[in-house]
Amino acid sequence: MKKKGYVRNETMKDSICPEAPDSRPTEGLTNRLAGMIPFPTQLIIPVQAILLFLLVVPALLSIWLSLVSWQPTFGIGIFSAKFLGLKNFIDLLTEPRFLYAVLRTFYITTITVVVELLIGLGLALLSERARSLRKFFILILILPMMFPPVVTGNTFYMLFFSEGPINAIISFFLGAPFKFNWLSSPTYAIYPIMIAEIWQWYPLMFLIMVSGLRGLPPNQLHAADVLGGSPWQMICRIKLPLLKPIILIAIVIRSMEILKMFDVIYIMTRGGPGTATENINLYMYEVGLKTFRISYISAGAWILLGISVVIFVNLLKPLLHKVEKFEQKVEEAQ
Amino acid sequence: MKKEEHRRAYEMNRRQFIKLAGASGLATLSSSSLLGLGSLTPAHAEVVGKNAEERAIKAVLELKKKMKGDTLNLMVPAGGEGQFMMAQPWWEEATGIKVKYMIVPLAQLGSKAMNLAVTRSSKIDMIFINPYGIPDMVDGKLALDITDYVKKYNPELTGPNGVIEPLYLFAMYNGKLYGLTCDTDVNSLYVRRDWLEDADNQKAFEDKFGYPLRVPVLYKEYFDQIKFFTNPTKGTYGAWIYASPYYAKWEFLRLLTPKGVLPFDKDMNAQIAGPEGVEALRELIGQKDYLHPGCFTGGWDHAFKAYAEGKIWCTLTWPALIKYCNFPEYSKIVGNIKICPVPGNKLEDGTIFRPCQFTYGFSYSVSRYSKNPEIAYLYSQWMHSPTISSKIVPTTQGGFIDPYRYNHFTKELLEGYDPVHWEDVKEALMTNAANSYPEIQMKGGEEYMSELDRNVIAAFQGLKKPEEALRETAKVWEEITERFGREGQKKQWNFLTSCYGPSLRKAMNLPDPPAWVKTLG
């Protein structure tokens, strides 16, 4: 009596596809595993493995370094270093210079991102009106982004020099010589740096906002227009709420970039006067690469990563929540 | 062969033996008497040659047979490659060994060197680095101890063509030699010759201050002069000093050392926060109103440009300023810059103490991971030799090497600095070099100096009082010393101070360097 259900391959072969090859799994663990993993996945595994190796191994080394006392000038291997536990972390969190560098970094990030957003969004909204010259407008506006940060830093260094053009313009309006030393003032040196950064990267915000505005549903805007909504009401009641996810993403992208800011500060002030403009990257450069306190700085990098993850996860929460809700609705509808 | 024939053929008879013994004895006597004639051939030298250049080439040609590869790789800072490239064809022709360069930004030299130390890379044979970076390179097991090579090949560190004492000592660390110092980066004083010789200025100055206007010998005179020459209506400034990040620490030490005080005492206790340190910092801050505004942000390149504009009375900086200011393409004051010995202070015993800072500078250092370390050393000796160095020092093709050997101080060479007043250049550089002292060149040197720099600038900017700034610096210095180990730091510091110039050692009761140092090359 023939069993129901599974039909032996020869029978299938005879009845359905006389020419079909024997498809029984062959011997060997590797081949069985290969059979379980889809072929497209098999193709990307080697690259993923390399990338993971490049990510995980340095990260593990960095964690180890943050827990020991090691410098290249000790002349010993990394794994022969003295184990300190959390001492590097504790020392950093109680070091005023490090804490001020972190606070300064977030101060620069907050102000720069907000101003860039306002400028980028404002210009994006304006560019909607200038339809005939829009392409030319956009091309001119994004030019600053094309410059290397080193060039931007050097340019603004010269602009804010005590005998530079900025002071010359101020002198002209004041009607008296104005030779303020911007870059050597502990209070104000940070502002030319922020201005340089804003000048260079507001175009990115502008481009993101332009893309966002173009993606807005035209029906709602048309309906509002027909119902007599003013431009200001359209912006505040329709465009901005719809742009919220785009704005959040733009803020996260720019914040991550500004947290890594180094070139402009290095060129303009080298973190000075004193440490008045030293952000976390300058601090890590000075301590890690000039005095070679690699272990200490590894701990600093992990602290910064922790703070950044907390902040960005919270920033993106509304967006992630919205995505989850949308997915739930789609599933319910199905 | 019969026994008698064999004896005649192979055994020495009495006559032959006496002849041989006599010849050997004569050779021994004559060679040992030659040692007394020239200080250029110390008793322990194993390689004989006419001079350092010849000895280097001879040795290279021998060693070349066992050389791995046919190229030497050098790490050179950007801007310094001109002098190497100038000499490259001569080297390649003499030895057949090629030379390649890894050019790195000057500010990255230390970090790049550390990368080599960590990776233990054999890609670089010789590193052109400042002596200040040598302790880190030694501790990182990168720099090779070349003491034995120096004793073997005699690079003429001393003698009539030798390196100005104590410059060659600055590449020593913990009693061993790790580099051949090849630069005179002594921060000399520069004043405007035309302003100095101007009769109106002389009268006005004497009327105001009660003594003649002259090249300042004491810092008191220097302070009076910078006040005198600051004139906002004319747009002239008394001085350019380096009040910007990374440089300010040197300015403080420049004012502290002439008071007879060192950063540490012999037990590695910080001395900067004492009354002399506070006074030095106050003097530094007191110059604020008489300085060119670019001082607070600019580096040496800005300093040179600003001085060459012709609005500044004086500055203290590297020797290259003379060349720059006498170059018509860049300078508005050609022929009007005068290089001088640095000012000093009167000590309690009445002597005028004029120590001069050696900042940065360069030396040839061999990587211990080089596949051909001895050849790399011989290349360094060749470049460093009196004959070759006297050709490359005056080049205008670009480079950092200033005159550092006695035979460099000739009219022909120094005319490249100042065609008319080359004797001023000779007197000033030789005096300043002989009275020079290095930076805090030891383990943790960069940490000590960075901490000082930050606090000096904070005081300069009014963010901290001088006493507070120096107290905080001293506190952090103590922490650094404890972290590295006080005993080890003491040993290094005491050796470092023994490498100071003779006048400094005498004025500050510092020990002499070990006796064997004098026999080096």
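What does the helix-only formula give at 222 nm for chain B: each DSSP H stretch with n ≥ 4 adding -39500 (n - 2.57), the total divided by the residues, and the result rounded to the nearest 500 deg cm²/dmol?
-13500 deg cm²/dmol
Cα centroid separation, the stretch A:268-334 to the stretch B:118-179: 43 Å.
Rounded to the nearest 5, the antiparallel percentage of DSSP beta bridges internal to chain B is 60%.
Distant-in-sequence amide contacts of B:SER188, defined by a placed amide H-H separation under 5 Å and a gap of 5 or more residues or a different chain, comprise B:THR317.
Taking the alpha-carbon distance from A:LYS244 and a cut-off under 30 Å, which lysines remain once sequence neighbours fewer than 8 residues away in the same chain are dropped? The reachable lysines, counting only those whose Cα sits under 30 Å from A:LYS244, are A:LYS135, A:LYS260, A:LYS317, A:LYS322, A:LYS325, A:LYS329.
Taking a quarter of the surface of the Cα convex hull of the stretch B:81-146 gives a mean projected area of 5.1 nm². Scaling the Cα radius of gyration of the protein assembly as shown by the globular reference 2.2 N^0.38 Å produces a ratio of 1.22. Note on the stretch B:320-449: Rg/Rh from Cα positions, Kirkwood definition for Rh, rounded to two decimals, is 1.03. The 3J(HN,Hα) values that the Karplus relation (6.51, -1.76, 1.60; θ = phi - 60°) gives for the stretch A:81-86 are, in residue order, 5, 6, 7, 10, x, 8 Hz. Gly and Pro appear as x. Once you reduce the stretch B:245-314 and the stretch B:489-507 to the center of their Cα atoms, the two points are 21 Å from each other. Our summary gives chain B a relative contact order of 24 percent, counting only alpha carbon pairs under 8 angstrom and 6 or more residues apart.
Under a 5 Å amide H cut-off, with hydrogens placed 1.01 Å from N, B:LEU72 pairs with B:LYS98, B:VAL99, B:LYS100 among residues at least 5 apart or on other chains. Put in order of Cβ neighbour count within 10 Å, fewest first, the listed residues A:THR152, A:THR73 become A:THR152, A:THR73. Angle of helix A:96-129 to the longest C-alpha principal axis of chain A, folded into 0 to 90 degrees and rounded to 10: 80°.
With an a/c value of 1.5 or above and a/b not larger than b/c for the gyration tensor axes a ≥ b ≥ c computed over the alpha-carbon atoms, the stretch B:400-521 is described as oblate. Computed 3J(HN,Hα) for the stretch B:214-220, one whole-Hz value per residue from the Karplus formula 6.51 cos²θ - 1.76 cosθ + 1.60 where θ = phi - 60°, is 8, 4, x, 9, 10, 5, 4, glycine and proline marked x. Phi angles across the stretch B:226-240 convert, under the Karplus curve 6.51 cos²θ - 1.76 cosθ + 1.60 with θ = phi - 60°, into 3J(HN,Hα) values of 5, 5, 4, 8, 7, 9, x, 5, 7, x, 10, 10, x, 7, 10 Hz, Gly and Pro given as x. Counting, for every residue in A:186-193, the Cβ atoms of other protein chains within 10 Å of its Cβ and taking the mean gives 1.
Here B:TRP382, A:TRP182 are placed in order of increasing Cβ neighbour count within 10 Å, fewest first, which gives A:TRP182, B:TRP382. Dimensions of chain B from C-alpha coordinates, computed as largest minus smallest value along each principal axis and given longest first, are 108, 53, 46 Å. Computed over chain A, the per-residue total of -39500 (n - 2.57) for DSSP H runs of n ≥ 4 gives a 222 nm mean residue ellipticity of -21500 deg cm²/dmol, rounded to 500. The Cα atoms of chain A give a gyration tensor whose axes a ≥ b ≥ c have a/c of 1.5 or more with a/b no greater than b/c, which makes the shape oblate.
Radius of gyration over Kirkwood radius for the stretch B:458-499, both on Cα atoms: the Rg/Rh ratio is 1.16.
Between helix A:39-67 and chain A there is an angle of about 50 degrees, using the helix long axis and the longest principal axis of the Cα atoms.
Less than 5 angstrom separates the built amide H of B:SER370 from none of the residues sequence-distant by 5 or more or on a different chain.
Values in this text are rule-based calculations from the coordinates and carry no lab data. What you see is a predicted model; the values in this text were computed from it and never measured. Glycine gets a Cβ as well: all are built from the backbone with ideal geometry, and neighbour counts include every protein chain shown.
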